[in-house]
Amino acid sequence: MNYLRKLPAIFSRNAFVLLCWGIWLGLHGSNLILSVNLSLVPMFAAALVIFCAMIGCIFTVNHYADQLAELLDEPFGTLLLTLSVAIIEVSLMLVVIFEGDKNPSMLRDTVYATLMIMLNGMIGLSLVAGGWRHFEQTFNLRGAMSFLHLIVPLVLILLVMPNSTLSTGGPTLSPVQEIFMGGLCILVYVLFLVMQTTRHKALFVHQHVDNEHLYISVPPQHSSSYKRRIAIAGAALGLVVAIVPVVLLAEYLGDVINHGIEVLHAPVDLAALIIASLVLAPEGLSAYRAATANHMQKAMNICLGSALSTIALTVPCMLLVAGLQNIDLNLGVIGGSSTLLYATLLTTLITLSSERTTMLQGNVHLMIFLSYLFFIFYP
């Protein structure tokens with residue numbers, strides 16, 4: 001009887017998942033290619049429906065990841081969310097890069113957009129929202145710096161160094177370099193995950209005492225190990241079922257993005273911003289909610305973990321595929337984007353150099369993010 005009472009809530013929670021599956025079955029069954037078989041207005045109307053359905057589905061992914069977070073404790077919950085998002089991100093970029101016109105700059109532009117959104121947009125919004133409500137907030141300094149300790153060198157190696165390599169011309173790497181750097185980055189990231197979830201797990205859980213608040217990580221109490229295993233299995237199954245239709249619909253959305261940018265003569269960076277926004281929406285909302293609930297440690301884990309998973313997992317996966325397929329990818333950030341990238345890394349380092357955050361720090365991050373948005377349309 002209890003299960004029957006939960007059916008309406010389960011159905012409403014998974015409505016977007018069912019919608020995504022229905023859309024994919026309809027498109028796949030009719031062999032419809034949106035960018036070819038439809039005129040401009042119907043194509044973008046269909047694309048808007050697909051985009052909204054995928055957004056809802058990704059929020060469902062976030063819901064199941066949060067369930068697993070409560071059952072498995074931190075940092076496993078945020079780790080599962082970032083890995084789920086990385087799967088979706090890789091799927092979207094594989095389609096956009098290797099289908100249609102084979103845009104060689106899409107990887108770089110999407111990764112750059114992800115860094116701008118998470119390290120400036122979401123960290124800035126979280127600090128402003130949290131500072132407005134709680135004045136000052138604290139987090140585990142060593143854990144945050146552990147993220148940044150990997151983010152900074154990987155960003156410089158993967159997004160700056162290709163401008164200076166001699167094996168190829170332009171901001172690219174040779175296939176051998178792509179395979180080597182891809183494998184090396186994945187290895188380093190796996191080692192980081194092992195340390196994050198085992199020996200140094202305490203660095204990513206806030207345990208700090210001050211005059212007003214006591215922050216102690218307390219594992220949730222479960223009624224029985226059997227019920228817990230059932231709940232974990234159910235949440236994991238829901239996570240997988242919600243991710244798959246997003247991955248399948250990536251091909252159709254990628255067709256529309258490529259065709260729309262070409263037809264409308266829109267900035268190429270806009271496509272990267274759309275992809276990054278779609279993928280990062282649930283993580284951004286989770287970070288905002290955590291900050292307003294005075295859980296700045298979780299907000300930092302989400303923002304920094306997402307940026308790290310993109311640069312240490314998404315990029316290497318794409319490099320391995322490009323190296324094996326002998327496809328050139330433009331990786332080096334050029335022009336004014338490099339200045340914004342350096343400013344982002346430096347500002348993030350300064351922000352994380354103290355355990356206390358305020359609205360002032362958030363305003364600086366938002367200033368850089370708004371500059372990024374402005375220069376997309378006025379480069």
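Only residues that are in a loop (DSSP other than H, G, I, E, B) and crowded, with 22+ Cβ neighbours inside 10 Å were counted across region 314-366, and they come to 3.
Within region 147-191, being assigned to a loop (DSSP other than H, G, I, E, B) and loosely packed, with under 15 Cβ neighbours inside 10 Å holds for 164, 166, 167, 168, 169, 170. Evaluating residue 376 against the criteria (1) surrounded by 20 or more Cβ atoms within 10 Å (Cβ to Cβ); (2) of a type in the set (Val, Ile, Thr); (3) farther than 27 Å from residue 144 by Cβ leaves one unmet condition, (1). Selection of region 272-313 for residues being in contact with a Gly (Cβ under 8 Å, 6 or more places away or on another chain) and either assigned to a helix (DSSP H, G or I) or buried (at least 24 other Cβ atoms within 10 Å of the Cβ) (or both) yields 284, 291, 292, 296, 297, 299, 300, 301. Take residue 35 and decide whether it is modelled with pLDDT of 70 or more and of a type in the set (S, T, N, Q). The answer is no for residue 35. Can you tell which of 306, 286 is within 20 Å of residue 80 (Cα to Cα), touching a residue at least 40 places away in the same chain (Cβ under 8 Å), in contact with an Asp or Glu (Cβ under 6 Å, 6 or more places away or on another chain) and not acidic (Asp, Glu)? When all the criteria are applied, what remains is 306. Within region 328-379, restricting attention to residues that are in contact with an Asp or Glu (Cβ under 8 Å, 6 or more places away or on another chain) and among the aliphatic types (A, V, I, L, M), the residue that is nearest to residue 155 (Cα to Cα) is 329.
The values are calculated or read from the model by the stated rules, or taken from the named source; none is laboratory data. Given the structure is predicted, the values throughout are model-derived calculations rather than measurements. Positions of Cβ are backbone-derived with ideal geometry, glycine not excepted, and every protein chain shown enters the neighbour counts.
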